[in-house]
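Heads up: the structure comes next, in structure tokens.
The values are calculated or read from the model by the stated rules, or taken from the named source; none is laboratory data. Quick caveat, the model's predicted, so the values are computed rather than measured. We place every Cβ from the backbone using ideal geometry, glycine too, and count neighbours over all the protein chains shown.
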Amino acid sequence: MNTASWGSAGRFGLARYVMAAALARTADGGAVVAIVLLVTTQGGSGSLAGFLAACITAPHLLGPFVARRIDLADDGRKVIAFACVLYSFALAAAVLSYGHTPAILTGLLLSISGCCGPLLTGGISSRLPTIVGSDQHSQRRAQGWDVATYGIGGTIGPSVVAAVSSWASPGLAAFCLAVAAFCAAWLVMRLPYSAPEHGGDVQNVPSAWSTIALMVKDGPLRRTLYMTMLVAFSMAALPITAVHMTTLIGSPAASAAAMTAAYGIGNLTGSIGVMLRPLRGSPDHLMSVLALCVIAGLFAVMVSPTLLIAIATFWLAGIVNAFFFAATLAARTEYAPAKGRGQVFLWVAAMKITAGSAGTAAAGAMTGWDVRIPLIVGIGLIGCAVALSFVERSMERF
């Protein structure tokens, strides 16, 4: 879609995109919480809850191997919509099967949902560049909306599950998520159609392994990948840190929820900031600069002396993380090869989710020594990534 065609049709397309993405990511963001609550409220063990939660999260790594279907398809919307429907039915079937069939069958159904998960996140994001105007300003403003849908999904999903579980049951909460994913499929098919980039020559569409090889060799894409992963790993420590910081600053344990909520609100605030004032300049350079801002946010959290200051620093950390995420979306859009854009989006999304899960597990282990250690490690890792990015760019100029 060129700039001249960007008008009411483009705005309606973006509105449908935001609704579809928010619903899909709400389903993906709340599913793990729903499954854990389903198991624990019915007397299941913690190990079983962990196993079933892993069944829906671990298969995200397989998403990039499915992503090639988006780049091969004559209509990528159909691939994403099918994934939303399959996610919906598999999740509902898993809930119905729990307690009535062997746990391994429930795990298998959840694994099917998990394989679809990346298509509900990075897969939908790959549609955005074809919906809005082709000029950089329109693209980056739209990326602010995309960041907001991730924030909504990560915040609203678990909140809906908690509310419906307390009012009715975790099973009904999971069914609500399944309905959200199904509705997202309908909205995805209402997005504007865009012709496939392969132009009928599917032989030129790179394979999954060729795509990851390209990302490793291409400087900007390589930096997008490792900086996204390391920031996700480091920021995943914040919810764990919030729980343990209450003791450090002498506040009630329940105040951890206020800090975590402040971080989520900060993400939404940052996404609004990107909408109002889209990022300018090279995404490659922006990622390095904004990663330094993330370091500052983590350091501010680490040295917070009181509850109010801690809440404020969590909010600021959320803001800078949203800006950094917007820069990574811009990098994926501008540096990915047209014939492999879907795969690049899903590779980065899958690696980000994996790094975030690893960061949460690592933070849980490290806080046993000191609450500050996960933050210090995160600051060190991001600092190394920023330094490496500057060195790489300097070497590429010579």
Original post:
Among the candidates 94, 173, 178, 168, which residue alone is farther than 30 Å from residue 339 by Cα and out of contact with any helix residue (DSSP H, G or I) (no Cβ under 7 Å at 6 or more places or on another chain)?
Top reply: 168
Original post:
Quick one: is residue 337 of a type outside the set (Lys, Arg), outside the structural domain of residue 126 (by TED's automatic domain parsing) and closer than 23 Å to residue 50 by Cβ?
Top reply: no
Original post:
Among the residues of region 64-79, is any in contact with a helix residue (DSSP H, G or I) (Cβ under 9 Å, 6 or more places away or on another chain), within 19 Å of residue 175 (Cα to Cα) and in the same structural domain as residue 31 (by TED's automatic domain parsing)?
Top reply: no
Subject >> Verdict on residue 138 being of a type in the set (S, T, N, Q) and at pLDDT 85 or above >> reply: no
**OP:** Give the residue, chosen from 34, 21, 49, that is outside the structural domain of residue 214 (by TED's automatic domain parsing) and in contact with an Asp or Glu (Cβ under 8 Å, 6 or more places away or on another chain).
**Re:** 21
Subject >> Of all residues making up region 356-384, the number that are under 28 Å from residue 63 (Cα atoms) and either surrounded by 22 or more Cβ atoms within 10 Å (Cβ to Cβ) or touching a Pro at 6+ places or on another chain (Cβ under 8 Å) (or both) >> reply: 6
Original post:
Are there any helices (runs of 4 or more DSSP H) wholly within region 201-289 with 2 or more residues that are of a type in the set (D, E, K, R), more than 20 Å from residue 303 (Cβ to Cβ) and within 23 Å of the chain's Cα centre (by Cα), and if so which?
Top reply: 219-235
**OP:** Consider residue 16 carefully, then state whether it is under 26 Å from the mean Cα position of the chain (by Cα), among the basic types (Lys, Arg), assigned by TED's automatic domain parsing to the domain that holds residue 152 and modelled with pLDDT of 85 or more.
**Re:** yes
Subject >> Criterion (of a type in the set (A, V, I, L, M, F, W, C), outside the structural domain of residue 344 (by TED's automatic domain parsing), over 14 Å from the mean Cα position of the chain (by Cα) and modelled with pLDDT of 85 or more) met by exactly one of 147, 132, 160, 179 >> reply: 179
Original post:
Where in region 69-182 are there helices (runs of 4 or more DSSP H), lying wholly inside it, with at least 3 residues that are farther than 30 Å from residue 45 by Cα?
Top reply: 76-97, 136-167
**OP:** State yes or no: is residue 382 outside any loop (DSSP other than H, G, I, E, B), at pLDDT 95 or above, in contact with a Ser or Thr (Cβ under 7 Å, 6 or more places away or on another chain) and outside the structural domain of residue 122 (by TED's automatic domain parsing)?
**Re:** yes
Original post:
Could you say whether any residue in region 145-166 is charged (D, E, K, R), closer than 27 Å to residue 323 by Cβ and surrounded by fewer than 19 Cβ atoms within 10 Å (Cβ to Cβ)?
Top reply: no
**OP:** Could you give me the residue pairs with C-beta distances under 6 Å whose first residue belongs to region 249-260 and is surrounded by fewer than 17 Cβ atoms within 10 Å (Cβ to Cβ), whose second residue is modelled with pLDDT under 80 wherever it lies, and which are 6+ apart or on separate chains?
**Re:** 253/246
